[in-house]
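The values are calculated or read from the model by the stated rules, or taken from the named source; none is laboratory data. Nothing here was measured: the structure is a model prediction, and the numbers come from that model. Quick reminder, even Gly has a Cβ in these numbers, built from the backbone with ideal geometry, and neighbours come from all protein chains shown. Only protein heavy atoms, including side chains, enter the accessible area calculation; ligands, DNA and RNA are left aside. Shrake-Rupley method; radii C 1.70, N 1.55, O 1.52, S 1.80 Å.
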Amino acid sequence: SMMPVIALNPLENEVILDLCASPGSKTTQICSKMNNLGIVFANDINIGRISILSANLERFGVTNAVITRHDGVELCLKLKKLGINFDKILIDAPCSGEGNIRLSPKTYLEWSEKLLENFGKKQKKLVSSAIEILKENGVLIYSTCTHAPEENEEVVQYLLDNYNLKIVDCKLPIISREGILKWKDKKFSSEMKKAHRIYPHDNDMEGFFLCKLIKSKIN
């Protein structure tokens, strides 16, 4: 779960949004790389998770984070109305959690194709709202802890089809595999090879997916 922040490459004095921040491991990592300079909006909707997030930020001595409690889509709409835009946005999206099956057998018991479909719809709404407050040439990291293409490549393809975004490559310090180009009856852009699939059997760790995108200037 440290990989999305490595791909994000936060810098001092940037304005960054961690849209699904709790319990805060990525937020603390971002703030550390920024040397507590700049500002990070750390958002979650669940008050219990917000409490854990707050405790972790305090424990790590974070001084440049603002905690918000909102539905992610609603928060992006509010920020857009206020004219607040971000240099970089991290969306570690709620997902079906297929990458955690060996640690959480309950994930397998709750799995269904309908679950993947529902998560996919929510993820597309979430990332679509975030793009509206991302600056031109800004960086968006989309990540999940699932292997399901419905929640990964399909969501990224939706972004490529509907917004002025392009996938950019990024180097990770672990073994990862390319994003897939076809799933069932769906075909994805050849650029999807630049996405990263992280499998448990390659690294003896939880499974993950991440993709780095840049918002291009509107022609």
Quiz prompt | Per-region count, region 57-73, residues open to solvent by less than 50 Å² (accessible area, probe 1.4 Å) and more than 27 Å from LYS122 (Cα to Cα) | solution = 4
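A quick yes/no check of all residues on (1) within 15 Å of the chain's Cα centre (by Cα); (2) surrounded by 15 or more Cβ atoms within 10 Å (Cβ to Cβ); (3) among the charged types (D, E, K, R):
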residue	(1), (2), (3)
VAL139	yes, yes, no
ASP169	no, no, yes
SER189	no, yes, no
PHE209	yes, yes, no
Practice problem: Report, by residue number, each residue of region 164-178 that is assigned to a strand (DSSP E or B), among the charged types (D, E, K, R) and in contact (Cβ under 8 Å) with a residue 24 or more places away in the chain. | Solution: LYS166, ARG177
Exercise. Can you work out which of the residues in region 22-31 that are free of Cβ contacts under 8 Å to residues at least 40 places away in the same chain and not hydroxyl-bearing (Ser, Thr, Tyr) is nearest to ASN85 (Cα to Cα)?
Key: CYS31
Quiz prompt | Count of residues meeting criterion [out of contact with any Asp or Glu (no Cβ under 7 Å at 6 or more places or on another chain), in a loop (DSSP other than H, G, I, E, B) and not β-branched (Val, Ile, Thr)] in region 196-219 | solution = 6
Self-check item: Test: THR146 is within 23 Å of SER25 (Cα to Cα), open to solvent by less than 10 Å² (accessible area, probe 1.4 Å) and of a type in the set (S, T, N, Q)
Solution: yes
Quiz item: Given the conditions (1) modelled with pLDDT of 95 or more; (2) over 19 Å from PRO10 (Cβ atoms), which single one is not true for ILE131?
Solution: (2)
Practice problem: Within region 74-104, work out how many residues are open to solvent by 30 Å² or more (accessible area, probe 1.4 Å), of a type outside the set (A, V, I, L, M, F, W, C), in contact with a Ser or Thr (Cβ under 7 Å, 6 or more places away or on another chain) and farther than 19 Å from GLY24 by Cα. | Solution: 1
Quiz prompt | Tally, over region 133-190, of residues that are of a type in the set (Gly, Ala, Ser) and under 25 Å from THR107 (Cβ atoms) | solution = 4
Quiz prompt | Restricting region 1-22 to residues that are touching a Leu at 6+ places or on another chain (Cβ under 6 Å) and not small (Gly, Ala, Ser), the residue that is most open to solvent (accessible area, probe 1.4 Å) | solution = ASN13
Self-check item: Only one of LEU181, LEU140, LEU103, LEU126 that is touching a residue at least 40 places away in the same chain (Cβ under 8 Å) and more than 27 Å from ASP71 (Cβ to Cβ)
Solution: LEU103
